[in-house]
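Chemist: The structure under discussion is supplied below as structure tokens; questions concerning it will follow.
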Amino acid sequence: MSNRQCPKCGEEYSDTYRTCPFCEEEAAIQKGKPLRRRSGKRVEKRQRDSSGGAGGVMLLLTGVIILGVVGYVFFGEQVADAMGIRSDPVQVDEDPAADPDPAGPTEDEPAQSAPDSTDQPPAPAEGDQTNPSGEDAPAQPDVPPEPAGPLTLSQSSFSIAAGETALLTTSGGTGEVSWSSSNENIATVEGGSVTGKAGGTVTITAAAGEESAACTVTITGDPWVSSAKLSLNKTDFTFGSSETVQLKVKGTDSPAVWSSANTAVATVSESGVVKWAGKGTTTVTATVDGQTLECIVRGK
């Protein structure tokens, strides 16, 4: 079995037909009488129709794809927004400090080797006077601290009544300050705070290290009378010009208040030193711990 080509319409048909079936069908259609055949094969026509249908489907699919791509390009964002399915791409922050070439150096750029710790200069030790350039930094001169000065009290003498309190402060000196009273029956002291107890005179002393400072405090009021037996080292003496005599109170460490009844004959200092002033006789008195002690002094 082989195919023939119709010289009239140019279609190919099987040689099982005696005449061209395509021409016969055209003639029958024009006459309004469909042609019915029981034999013969229109192989070429069927193949052409089959191939033509497949080609049409492919063209249709191609057109649909092209239209879809064009529509997505021009209207894809609007459609996605309308359907609520649009999602923004995740923004990846680029670290400006990141290495732009993580793959390493190129052939034209030599690889940077890690610095050898042995090539680094050692860090200067604490107190090292060497600067980073390797040169010796100028030594800082040792500035000696300013001296504290001698120990002094805020007052050298004052007077308060019995029962009252006054404050003494110190300046200068070094070390912890300790306080003491020459007679705690007359006045006490604690941390520089002086409290009067009874009438009389006491010496308040502040000591720090090897230094000390004293303040004479007079307490007014009923005098305190010591029950101790007090006495002077001299009760009667005669001396001439240019002579001095030291009087002392025995039986107490309290300071005495000294006085002379006639300074034209003899004078007496705060420490009990008697000086000749002229010829005659006078009385030198020491008042201490509520007791009065007298000494007769004769000038020749």
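Chemist: Taking amide H atoms as placed 1.01 Å from N in the peptide plane, list the residues 5 or more away in sequence, or in a different chain, whose amide H sits under 5 Å from that of Leu151.
Modeler: Placed amide hydrogens put Gly173 under 5 Å from Leu151.
Chemist: Sort 277-284, 255-262 by the packing proxy (mean of other Cβ within 10 Å over each peptide's residues), most packed first.
Modeler: 255-262, 277-284
Chemist: How about region 195-300: which GluC sites (Glu not before Pro) there lie in a loop by DSSP and see at most 14 other Cβ atoms within 10 Å?
Modeler: Those satisfying the criteria are Glu210, Glu243, Glu270.
Chemist: In addition: Determine, at each q value in 0.18 (inverse angstroms), the log₁₀ of I(q)/I(0) that the Debye formula gives when each Cα of region 155-245 is one equal point scatterer.
Modeler: Debye output, listed in q order: -0.80.
Chemist: Over region 171-296, what number does the Rg to Rh ratio reach, with both radii from the alpha-carbon atoms and Rh per Kirkwood?
Modeler: Rounded to two decimals, Rg/Rh equals 1.05.
Chemist: In what sequence, largest accessible area first, do Thr238, Thr170 appear using a 1.4 Å probe? Don't skip to the end; give the middle numbers.
Modeler: Details: Thr238 80, Thr170 55 Å².
Descending order: Thr238, Thr170.
Chemist: While we're on this one: Keeping the other protein chains in place, figure out the carbon and sulfur percent of the accessible area of region 171-300, with a 1.4 Å probe.
Modeler: Working: 2990 of 6760 Å².
Reported share for carbon and sulfur atoms: 44 percent.
Chemist: Mind listing the long-range amide H neighbours of Thr281? Cut-off is under 5 Å, sequence gap 5 or more, other chains count too, H placed in the peptide plane at 1.01 Å from N.
Modeler: For Thr281, the qualifying residues are Gly299.
Chemist: Step through the residues of region 259-270 one at a time and calculate ³J(HN,Hα) from phi using the Karplus curve (6.51 cos²θ - 1.76 cosθ + 1.60, θ = phi - 60°), rounding each to whole Hz and writing x for Gly and Pro.
Modeler: Once θ is set to phi - 60°, the couplings for region 259-270 become 8, 10, 6, 9, 6, 6, 9, 7, 10, 9, 7, 5 Hz.
Chemist: How about Lys8: which lysines have a C-alpha closer than 27 Å to its C-alpha, ignoring those fewer than 8 places off in the same chain?
Modeler: List returned: Lys31, Lys33, Lys41, Lys45.
Chemist: Could you run the Karplus curve 6.51 cos²θ - 1.76 cosθ + 1.60 with θ = phi - 60° over region 156-164 and give me ³J(HN,Hα) per residue in whole Hz, x for Gly and Pro?
Modeler: 9, 6, 6, 10, 9, 8, 4, x, 8
Chemist: While we're looking at this one, here's another question. At a threshold of 8 angstrom on Cα-Cα distance, excluding pairs fewer than six apart, so keeping six or more, what relative contact order does region 137-258 reach in percent?
Modeler: Relative CO of region 137-258 lands at 23 percent.
Chemist: Charges at C-beta only: +1 for Lys and Arg, -1 for Asp and Glu. How large is the resulting dipole of region 184-300 about its Cα centre, in Debye rounded to 20?
Modeler: Around 660 debye, computed over region 184-300.
Chemist: Can you list residues whose amide H is under 5 Å from Glu12's amide H, if they're 5+ apart or on another chain and H is modeled 1.01 Å from N?
Modeler: Cys6
Chemist: Can you compute the FRET efficiency between Asp222 and Asn262 using 1/(1 + (r/R0)^6), with r the Cβ-Cβ distance and R0 = 25 Å? Round to the nearest 0.05.
Modeler: 0.25
Chemist: Filter Lys234/Lys279; Lys248/Lys275; Lys229/Lys300 down to the pairs with a C-alpha to C-alpha distance above 26 Å, please.
Modeler: In this structure, Lys229/Lys300 lie more than 26 Å apart at Cα.
Chemist: In whole Å, what are the Cα extents of region 221-267 along the three principal axes, biggest one first?
Modeler: Rounded to whole Å, the extents work out to 38, 22, 15 Å.
The values are calculated or read from the model by the stated rules, or taken from the named source; none is laboratory data. Note that the structure is predicted; figures quoted are calculated from it, not measured. All Cβ positions, glycine included, derive from the backbone under ideal geometry; neighbour counts span all protein chains shown. Accessible surface areas use protein heavy atoms only, side chains included; no ligands, DNA or RNA. Shrake-Rupley method; radii C 1.70, N 1.55, O 1.52, S 1.80 Å.
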